[in-house]
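J.: Sharing a structure below in structure tokens format, with a few things to ask.
Each reported figure results from applying straightforward, stated rules to the coordinates on display, with no laboratory input. Fair warning: this is a prediction, and the values are worked out from it, not measured in the lab. Don't worry about glycine lacking a Cβ; one is built from the backbone with ideal geometry, like all the others, and counts go over all protein chains shown.
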Amino acid sequence: MVMVVFRLPRPYPGGRSHFYYSTIRRNLHYEKMKIFAAPLVKFVLAIIIGINLRRKRRPVGLCGFPDLQKRGSIMLDIKITRTSTPKAKPEDESKLGFGKIFTDHMFVMDYTAGQGWHDARIVPYGPFQLDPATVVLHYAQEIFEGMKAYRTADGTVQLFRPDCNAKRMQDSADRLCIPAIPEEDYIQAVEAIVDVDRDWVPHTFGASLYIRPFAFATDVGLGVHASRHYTFCIICSPSGAYYAEGIDPVRIYVEDDYIRAAPGLTGFTKCGGNYAASIKAGELAEEQGYAQVLWLDGVEKKYVEEVGSMNIMFKIDGKVYTAATVGTVLPGVTRRSCIELLKDWGYEVIEGKLAIADVMQAARDGKLEEVFGTGTAAVVSPVKELVWKGEHAYIGDGKIGPVTQKLYDTMTGMQWGRLPDTKGWIVPVKPVY
Ligand code: COI
């Protein structure tokens, strides 16, 4: 259409003749077309650009599930079935471990293509019955989140930035082609299950109720395509520190062979597949006495990315460095919160590429001041030693550094209500059920 407009007859030079009048007519026609053509060209271009932009801006989490758009922000109608056989609560909260004990109930909701998410319910904790050909068992179409509920000294039970987890789960859902759970539904579901199992939230500082929301494909069949049915579930586990070391510094093995993520893959999501692929390296590192591996970028194996269950930060010569969350690194809620705090305290935080060779050089030069991991499960975890290609870097004097300690104290202080929530990150769970 644009081409036709540009091929209009050009003005015709010549005397007053038949040709003159036909030229005038043609010129008039041309002028009219010019007046008409300019806005038309703009209009057509705008449509073409608009269509392309819309194609590029894929709706987050819809992934072929347009029925998700239909639901507005109507509250979930959660049906509650309480257990008739409540379990005994753990007696010694100093021996909880991580993710070993589970509460009395779980939240469940189903998705059916064409119907959307439905049948929100809280039921007694128990196993799922799955057909052996269920999609998730074969193709790992699954995503999850990690959050905690904390009990403060006055008995309040509270969450930390649940909106961030809800949004991250939507991003994971989009990448894994799982229908997204609306943010308000996600938060309502988390609050409901925590409220129902409120008595399971530990009373001890440092122990919390670890919340594990997850969603998985439940179609039955072996074809590789997006499932039309899903289950969203939330289970809760009263837990202590993620690492046996607690807040004591850990040793980390810099993985030089296997990789965790590469551009275009799923590194930025919390999907089971990322963790499945990390287990072998983690086991090998553990066999050698390291708590976890530090992953390097998947292309050059040159730049630091993240640790098995946490993001990682390096304080070198007064500045804090951490990998940017540009697709291969998990956008951690604790990572983000620590960066905000560090900036508030006046530290320069550089989110970008940091070569492992430069980290080792900084250690040799005595400039590697602190290294720490950040994650929901681990909170802030100091690192005392890195090993890369056989070379060991020892950090500080092997004890937790002052910035790491301040971050740990501030984060846990706000989470357990020992410090005021100056950032608006805390969400109390109101007793409703
Ligand atoms: C978390 O920090 O919540 C995590 O999800 C890490 C986990 C794999 C233990």
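J.: With label points built 7 Å along Cα→Cβ from the Cα atoms of Thr156 and Lys389, find their separation and express it in nm.
T.: Roughly 5.1 nm, to one decimal.
J.: Say R0 is 22 Å: what FRET efficiency, to the nearest 0.05, do Asp317 and Lys406 get from their beta-carbon distance? Walk me through the numbers before you get to the answer.
T.: On the way: r = 18 Å, r/R0 = 0.83.
That pair, Asp317 with Lys406, gives E of 0.75.
J.: For region 67-157, count all C-alpha to C-alpha pairs, find those more than 17 Å apart, and express that count as a whole percent of the total.
T.: Of all Cα-Cα pairs in region 67-157, 71 percent lie more than 17 Å apart.
J.: Take peptides 354-361, 395-402, 330-337 and line them up by average Cβ neighbours within 10 Å, highest first, as a rough protection proxy.
T.: Packing proxy ranking, top to bottom: 330-337, 354-361, 395-402.
J.: Starting from the Cα-Cα distance between Ile350 and Asp365, subtract it from 0.36 nm times their residue separation and give me the gain in nm to one decimal.
T.: Length gained between Ile350 and Asp365: 3.4 nm.
J.: Provide the FRET efficiency to the nearest 0.05 for the Ala262-Ser94 pair, computing r from the beta carbons and using R0 = 45 Å.
T.: 0.65
J.: Something else about it: With N set to the number of residues, divide the alpha-carbon radius of gyration of region 223-369 by 2.2 N^0.38 Å and report two decimals.
T.: Rounded to two decimals, the normalised Rg is 1.15.
J.: Take region 149-297, compute every pairwise Cα distance, and split them into 5 Å bins from 0; I just need the percent in each bin.
T.: Pair shares across the bins are 2, 8, 13, 15, 16, 17, 15, 10, 3, 1, 0.
J.: Hey, rough spin-label estimate for Glu183 and Val326, points 7 angstrom out along Cα→Cβ, what's it come to in nanometres?
T.: 2.6
J.: Please report the Cα spread of region 79-239 along all three principal axes, rounded to whole Å, starting with the longest.
T.: So the three principal-axis extents are 50, 32, 28 Å.
J.: Separate question: Could you tell me the calculated FRET efficiency between Lys301 and Val123, based on Cβ-Cβ distance and R0 = 60 angstrom, to the nearest 0.05?
T.: 0.85
J.: While we're on this one: I need the phi-derived Karplus couplings for region 377-387: 6.51 cos²θ - 1.76 cosθ + 1.60, θ = phi - 60°, integer Hz, Gly and Pro marked x.
T.: Per-residue couplings from phi come out as 5, 8, 6, 10, 10, x, 10, 9, 8, 10, 10 Hz.
J.: A further question follows. Which percent of Cα-Cα pairs in region 364-433 sits in each 5 Å bin, short to long?
T.: 3, 14, 19, 18, 14, 10, 8, 6, 4, 2, 1, 0
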